[in-house]
Amino acid sequence: MVNKQIGINRDSPKELLHPYCINFFHFVNDGLVIIDLSKGPFGQFIEVNDVFCSMLGYTHDELIGLSPIDITPEDLYHNARQFIDRQKSGTDRKIIREITFLSKNGRRVPTELSSHVVKLNGRLIGFGIHHDITKRKKFEQDLILSYEKELQLRQELQNQIHQRIEFARGLVHEIKTSFTPILCNSKVLTKIVTDETAILLTQNIFRAASNLNNRVDEHFDLIRSEVGILNLEYDWINPSSVLNEVVSEFKSRTLLNKNLFRTYISPDLPPLWADADRIRQIVLNLLDNASKFTAEGAEIIMRVYCRESKLYIHVEDNGTGIPHSEKEKIFQSYYRSKANPTKAGGLGLGLALCKYLIELHGGTIKIEDNKPSGSIFKLFIPYTKHENL
Ligand code: ADP
């Protein structure tokens, strides 16, 4: 069939091709070439279509008789020669690969070649379709460049993060080394002094040092959470005993406020896969807030129960409450409510950390209004294993 369509004894491609093929040859959108691989060391173009000519900026007559090597960039000679040799020896008879030519004005033109070599009366004829892939290559190149740029930026960012962490670590170490003696000694003093004024003064020193200690820890935790290196130490914990410890600690801390504090902790809560210290930190922060943002003698209630494979913890107070517009913002770092600007408090990091820590445990936290006043902080932690664990 092929032999009938191609006049194999003639050199002229116009006679070599069946008339239907000639129409097709000049009609397609890709560059088409016919190469006589028997001619010269690297073959010669014996027919090329208009698209191929305009792809490279040559005229038809300029290309006919040239070898593919003549329009190959110098740095690719070696590869091109090897490819032609392989086609001639029959190893690469049907192939799709990328070939780059040099246009008449010196521009590199990358193409995707689909070629087929046939033997016709002792002559090796190669049919090739060249699809111009300049745009694709440019896109690939841009993609590589932006990937490399992204890599470089990521590296720079990582260096900055590393420096920031190292700086924060050093700072925390310096601060803690300086005030640990104040914390420890004032604690001892609160137990041994007998004079009323001295008791008051040492208690004040101890409370201030404890606050400072907590603020430093919060800051360091926040930095670690921002760069994703706040690692938790999970274990099977007994939620009832951990929360009862929190309750005792909170009671001992808040004696001065004389809060009415009630707890409803379900007995026999199942063991929870969690970081006990972080659970303490979360609940203590909520209780401390409930105490800070309520008047003396106000009521604080903590409810803990298990439902639908989740451990629920509610901390309710009847204090100032949180306006609806601030219920989300309050969990952002350094945000402090406008509703209680004069009240004592920290830097606005506690709730941001609570939220982050609860989410690391696979849970969530939200605020609801208490009746007739105040807030209810509701959080849950799932009993089922989650992706962070
Ligand atoms: P901090 O208490 O250190 O300021 P938090 O992140 O724990 O930081 O709380 C952020 C802000 O949310 C507080 O400054 C306060 O304005 C508000 N807030 C937190 N808990 C309560 C509460 N129980 N009642 C009223 N306002 C609260």
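Summary table below
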item	result
Residue satisfying condition, being in contact (Cβ under 8 Å) with a residue 60 or more places away in the chain and surrounded by 15 or more Cβ atoms within 10 Å (Cβ to Cβ), within set Leu230, Leu284	Leu230
Residue match in the stretch 305-323 (condition: surrounded by fewer than 20 Cβ atoms within 10 Å (Cβ to Cβ), without any contact (Cβ under 8 Å) to a residue 24 or more places away in the chain and within 7 Å of the ligand (Cβ to nearest atom))	no
Residues satisfying the stated conditions in the stretch 105-123, i.e. farther than 21 Å from Arg136 by Cα and surrounded by 14 or more Cβ atoms within 10 Å (Cβ to Cβ)	Val117, Val118, Leu120, Arg123
Number of the exception - Glu299 against (1) farther than 20 Å from Glu249 by Cβ; (2) in contact with a strand residue (DSSP E or B) (Cβ under 8 Å, 6 or more places away or on another chain); (3) surrounded by fewer than 17 Cβ atoms within 10 Å (Cβ to Cβ)	(1)
Single unsatisfied condition, Asp132 versus (1) closer than 23 Å to Asn214 by Cα; (2) touching a residue at least 40 places away in the same chain (Cβ under 8 Å)	(1)
Qualifying residue in the stretch 222-233 (condition: out of contact with any Asp or Glu (no Cβ under 7 Å at 6 or more places or on another chain) and on the phi > 0 side of the Ramachandran plot)	yes
Selection within the stretch 195-218 - in a helix (DSSP H, G or I) and away from the ligand (no atom under 15 Å from the Cβ)	Glu196, Thr197, Ala198, Ile199, Leu200, Leu201, Thr202, Gln203, Asn204, Ile205, Phe206, Ala209
Residue count for the stretch 291-304, restricted to those that are without any contact (Cβ under 8 Å) to a residue 60 or more places away in the chain and under 16 Å from Val246 (Cα atoms)	5
Cross-chain or 6+ apart pairs with Cβ under 9 Å, the stretch 80-97 first and at positive phi, then in a strand (DSSP E or B)	Gly90/Val117; Gly90/Lys119; Gly90/Leu124
One residue from Asn159, Asn204, Asn214 being surrounded by 11 or more Cβ atoms within 10 Å (Cβ to Cβ) and within 21 Å of Ile229 (Cα to Cα)	Asn214
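Since every read-out is calculated from the coordinates, none of them should be taken as a lab result. Since we're looking at a predicted model, the values are computed, not measured. Note that we place each Cβ from the backbone using ideal geometry, even for glycine, and neighbour counts take in every protein chain shown.
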